[in-house]
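Everything on this sheet refers to the single structure shown next.
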Amino acid sequence: MRTTTLVCLVLAACAGRPQNNPVAYETVTNPDIALGPRTTVAFVPRAEIPGYERVELPEDYIEAAREVAIPTLERLGWTLTTPDQADVLIQGAAGRRDATDSIPTAVPGRFDFQATVNSYEVDYTEATLVLDGFLRDSGEHFWHGHADTEIRSGASAERFASAVERLLVNFPRAMAPATSGSEAPSEPVAEPEPGEPTP
């Protein structure tokens, strides 16, 4: 399995603890599955993400993702079509789960080596975006990508679209079918000069 891990530091410019933590990206391609001559792709929803509550994305999120997903896939040779006509299906979903972080704080004691350790709790949301590539005819799973982050303030459609793009740049390239006339072209035959006998 070939794995590509990218870490994008998307930090809010604010004092203290970052409101939006870095986004971790990972994509995995299965080299044992040959794509063959496939050039069309379609997006379909994923039913669930284990351990996460599936999120119904707002329309502006979906539109922002489409604006980056389509040209990214086209640069890789893919053509977007309907699910019933596509060679390859990309299942996608976003999920969330609530979490609490305990932040330690140290109160210095009388000596440097003495301290009273207290802590306070911060509630935040763990968010994930999952994309999976399948061959429509056989159902074989040939590609997986996910992006994970902690959201400590409001998310945005632009940030979501950026995550989609960062995953899809590592999607496999399309493989166009070989043309029937793929033989090497023959040398051109020179026309005889006027008055010369034809062979």
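Residues checked against (1) in contact with a helix residue (DSSP H, G or I) (Cβ under 9 Å, 6 or more places away or on another chain); (2) loosely packed, with under 14 Cβ neighbours inside 10 Å; (3) more than 16 Å from GLY139 (Cα to Cα):
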| residue | (1), (2), (3) |
| --- | --- |
| VAL41 | yes, no, no |
| ARG46 | no, no, no |
| GLU53 | no, yes, yes |
| TYR61 | yes, no, yes |
| ALA65 | yes, no, yes |
| LEU73 | yes, no, yes |
| ASP87 | no, no, no |
| GLY95 | no, no, yes |
Could you count how many residues in segment 137-158 are within 21 Å of PRO37 (Cβ to Cβ) and in contact (Cβ under 8 Å) with a residue 60 or more places away in the chain?
-> 4
Among the numbered criteria (1) in contact with a Pro (Cβ under 7 Å, 6 or more places away or on another chain); (2) modelled with pLDDT under 75; (3) surrounded by 13 or more Cβ atoms within 10 Å (Cβ to Cβ), which single criterion is violated by ALA155?
-> (1)
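Okay, residues lined up against (1) loosely packed, with under 14 Cβ neighbours inside 10 Å; (2) at pLDDT 90 or above; (3) assigned to a strand (DSSP E or B):
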residue	(1), (2), (3)
THR128	no, yes, yes
HIS146	no, yes, yes
GLU150	no, no, yes
ARG159	no, no, no
VAL164	no, yes, no
ARG173	yes, yes, no
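The values are calculated or read from the model by the stated rules, or taken from the named source; none is laboratory data. The structure displayed is predicted, hence computed values, not measured ones. Ideal geometry is used to build each Cβ from the backbone, glycine not excepted, and the neighbour counts take in all protein chains shown.
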